[in-house]
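Data first, discussion second: the structure below is written as structure tokens.
The values are calculated or read from the model by the stated rules, or taken from the named source; none is laboratory data. As the structure is a prediction and not an experimental result, all values here were calculated from the model. Cβ placement follows ideal geometry from the backbone for every residue including glycine, while neighbour counts extend to all protein chains displayed. Remember, those area values only see protein heavy atoms, side chains included, never the ligands or the DNA or RNA. Shrake-Rupley method; radii C 1.70, N 1.55, O 1.52, S 1.80 Å.
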Amino acid sequence: MELVNKWPAGLVEMPLRYCPGCGHGIVHRIVGECLEELGIRERTVGVAPVGCSVFADDYFNCDMIQGPHGRGPAIATGIKRSKPECIVFSYQGDGDLASIGMAETIHSAARSENITVIFINNAIYGMTGGQMAPTTLIGQKASTCPRGRDPKVNGYPIRICELLQSLEGASYLERTSVHTAANAIKTKKAVKRAFQNQIECKGFSLVEVLSMCPTGWEATPLNSVKYIADKMMPLYPLGVYRSPEQREQKEGGAA
Amino acid sequence: MYQGIRMSGFGGQGVISAGILLAQAGLLEGKNVSWFPAYGAEMRGGTANCSVVVADDEVSSPIVSRPDTAVVLNEPSLAKFEPMLKPGGLLIVNSSLVNTKPKRTDIRVALVPCNAIAQELGTIKIANMVALGALAGLTGAVSIEAIAKALPKVFKRAKPEILELNVKALKKGAEAKAE
Amino acid sequence: MGEKILMKGNEALAEGAIRAGCRFFSGYPITPQNEVPEYMSWRLPDEGGTFIQAESEVAAINMIYGAASTGMRCMTSSSSPGISLKQEGISYCAGADLPFFYANVVRGGPGLGNIAASQGDYHQSVRGGGHGDYRVLVLAPNSVDEMANFPKKCYELAFRYRMPSMILADGILGQMMEPVEFKFEPVDPKSFKEAGWELGLAAGRRKRIVRSYDLREGELEKINAARLKKYREIEEKEVLFEAKQCDDAELVVVAYGTSSRIAAAAVKMARDKGLKVGLFRPITLWPFPKKQLAKLAEKSRKFLVVEMSMGQFVDDVRLAVCGRIEVDLYARPAGIPSGEETFAAVEKSYKSMTPARAAAPAKTAKPKGKPGRPRKKPAKKAGRPAKKTRKGGRR
Ligand SMILES: Cc1ncc(C[n+]2csc(CCOP(=O)(O)OP(=O)(O)O)c2C)c(N)n1
Ligand code: SF4
């Protein structure tokens, strides 16, 4: 599923410690390639989350900071406003971004903070051992909903792109996936665009990537790929939810 | 008697459940016991291990840093636990998977082809039981009967024939000799 | 009294709380306490209770603030970083005099730290933890059996004194399995009577308010003074501790929780070698067994504190003895000492006691006075503090 064989300059040459079949590694590679291809590696500061990708601070070959659970966009805000010449991105999982960090997510979008957020939606808490995430599907089993997610008890999954779509501040929102090579290529386009927007000072950009977690799902890597296609994509449709063009049009129309 | 035991192998080889079984058996024999796993990100590397203490006195630290006995089911575990053993301690090695020979001369070593014995009995899934049987036989920390009694308590949903197979593996393991 | 069953610390804690009447749990995943919410998620609904995985620790503790205000026996648990986030809510509960129970399964810190056992949250636990002037009842188990049986005690104290109570555990106590015997019959929540402050159905009574503020001039001080009186009473009545082989001990090792078990092994090794060493373990960390330690300081010659932190717990020990006795420290910040290492610290501390009396009892010991120089003061003085100093102590 790898796109190219060369080690991208945006990634440190070291083995990634993710489980076999995990989506994090693919997205890391994509981000690393974008940093290289856009020529921004040396002025980029990344924010690593709390989650399996806490180790992203080792992996990305740019300045990195690791912060408290869910606070990535706030930390990124502080960095961006202090050093606007830097490109700042926050890399987060669904527990980090859509649960404990929901306030930071919404408010950084509302402020149209000129940052890039890479959001890995694997519908589970990987790091802590498979607990329910805000994006866990109805009926999906997790260690804190062992009988399957029941809306009466656990509520409903949150769709981040759809939720942020209602905010004027959100400039670019797209949902992609990495379960096939073709989708990974689309993800790379989206990630590149999300960085490009920041370079052009267009405000808050977020790419939500549907990603496999074979360990948390207790599935084989192959079945995990199938799970995304069959179960996740119907609930989380891929596509562009907001683009800077749309936003400009809207603002133009209102004025 | 105070037996501090370390059991280690690949995730999926069943060292964690074998450890629980050992502790449960000790409890059934009225001993003081503890079980402690390596947990969290420590396990992402693919090896699992646990500490078990079976003792007549109180259990002090549940983390066994100087084991009396170590059971190693794979190659990386040997490198990690051989140096930690107490002088005079017992090293049980799954010789089906571990090719390296232990280096220390101040310990007792039992080379047990756990996978091969398990395969002969029907499935390599019970290689952990062969190793546990060897441990029981060589240390006397618990009896095979106690482990057999502990089996249905730990594997609550296992079918009787599976439990029986486990007991066979235990008994086969108990025939192991140490040098 | 039931039979002994093998249980994991975190699960024993959860089961113990349910048997003690807990019917509401809200929490957020964090290692090494995940088994608590995981256990609650299937077990509580079976008992007609509520389990909620909150969106954050901040939300979880405020759900507790709400549940506790109705008089519900509720619980939350977390590990260090999560407990930090809960401190605001804990302060509100303390300020509103609400009883509830929580557990901190401590891991290494500061910051994200690691997920191994540590005792680095000692100060945060026994000094209140959040903002403002308050205390929390703190019990420190050192076995899975105590993890199972202490929640009941915590609820009793919390409801008797209307304040938060907590269990201060660590990653080892949470993750290990040991035999457990529940030493009480399950409590039926229906048997609880209202005390008269609980919010809820108000027909036929005056309205009630739960709040943690009073802006009227001088009023907050009155409230806090009443709370102080309550705290004094607790310090008088509710201290729990364990003392082993302290009667003839020259050196007393002082430790709590996991480190007290490791210390116990070291004490045994010391006794086997003929060293007169005892072990003192506070079970309640607040209220702290000040008086008991002060008394012991009169009998023994030196204390050695063993803790898995930089030297937090030692502060309370030193305050308790007020300089009447030398207090050594064996600190392992984010480290877990082995019995052997702890024994080495015990031996070192023992041998560095002023030679006169230390040499005498230990016949096997080699010429102990060998450096021949009393390190600090002449033997006579160090032996026992003069009466005067003792009286000049506290209160
Ligand atoms: C304040 C705080 N609460 C909880 C945790 C424990 N914790 C670590 S990672 C994590 C969730 C990870 O899930 P997600 O964000 O979905 O990322 P994934 O591991 O699935 O990539 C949690 C709850 C923590 N470290 N800090
Ligand atoms: S637990 Fe899931 S998200 Fe974490 S590394 Fe493994 S597969 Fe990836």
Restrict the check to the stretch A:172-191 and report whether at least one residue is outside any strand (DSSP E or B), farther than 17 Å from A:His24 by Cα and open to solvent by less than 10 Å² (accessible area, probe 1.4 Å). no
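Yes or no, residue by residue, for (1) under 22 Å from C:Thr342 (Cα atoms); (2) away from ligand 2 (no atom under 16 Å from the Cβ); (3) within 14 Å of another protein chain (Cβ to nearest Cβ):
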position	(1), (2), (3)
B:Gly40	no, no, yes
B:Lys80	no, yes, no
B:Lys86	yes, yes, yes
B:Leu97	no, yes, no
B:Lys103	no, yes, no
Which numbered condition in (1) within 14 Å of another protein chain (Cβ to nearest Cβ); (2) under 16 Å from the mean Cα position of the chain (by Cα); (3) open to solvent by less than 20 Å² (accessible area, probe 1.4 Å) is the only one that A:Ile158 fails? (3)
Residue check: is C:Gly132 in contact with a helix residue (DSSP H, G or I) (Cβ under 6 Å, 6 or more places away or on another chain), open to solvent by 20 Å² or more (accessible area, probe 1.4 Å), farther than 18 Å from C:Thr76 by Cα and not assigned by TED's automatic domain parsing to the domain that holds C:Pro287? yes
Give the residues of the stretch A:131-142 that are more than 8 Å from chain C (Cβ to nearest Cβ) and either modelled with pLDDT under 95 or buried (at least 24 other Cβ atoms within 10 Å of the Cβ) (or both), sorted by residue number. A:Ala133, A:Thr135, A:Thr136, A:Ala142
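Residues that are buried (at least 24 other Cβ atoms within 10 Å of the Cβ): find the strands (runs of 3 or more DSSP E) completely inside the stretch A:19-124 holding 3 or more of those. Reasoning before the result, please.
Numbers: elements: A:44-48, A:63-66, A:87-93, A:116-121.
Qualifying strands (runs of 3 or more DSSP E): A:87-93, A:116-121.
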Members of the stretch A:81-101 that are aliphatic (A, V, I, L, M) and either more than 13 Å from ligand 1 (Cβ to nearest atom) or in contact (Cβ under 8 Å) with a residue 40 or more places away in the chain (or both): A:Ile87, A:Val88, A:Leu97, A:Ala98
Selection count, the stretch A:31-80, where residues are within 14 Å of another protein chain (Cβ to nearest Cβ), in contact (Cβ under 8 Å) with a residue 24 or more places away in the chain and of a type in the set (A, V, I, L, M): 7
Among the strands (runs of 3 or more DSSP E) confined wholly to the stretch C:1-100, which include 3 or more residues that are free of Cβ contacts under 8 Å to residues at least 60 places away in the same chain and either among the acidic types (Asp, Glu) or more than 13 Å from ligand 1 (Cβ to nearest atom) (or both)? C:24-27, C:50-53
For the stretch C:247-301, enumerate the residues that are open to solvent by less than 20 Å² (accessible area, probe 1.4 Å) and touching a Cys at 6+ places or on another chain (Cβ under 8 Å). C:Val252, C:Gly278, C:Leu279, C:Phe280, C:Ala294, C:Leu296, C:Ser300
Test: residue in the stretch B:39-61 that is more than 20 Å from B:Gly133 (Cα to Cα) and aromatic (Phe, Trp, Tyr): yes
Need pairs with beta-carbon distance below 9 Å; first residue open to solvent by 20 Å² or more (accessible area, probe 1.4 Å) and within the stretch A:236-247, second among the aromatic types (Phe, Trp, Tyr); sequence gap 6+ or separate chains. A:Val240/A:Tyr172; A:Tyr241/A:Tyr172; A:Arg247/A:Tyr172
Please verify whether the stretch C:61-76 includes one or more residues that are within 14 Å of another protein chain (Cβ to nearest Cβ) and over 21 Å from the mean Cα position of the chain (by Cα). yes
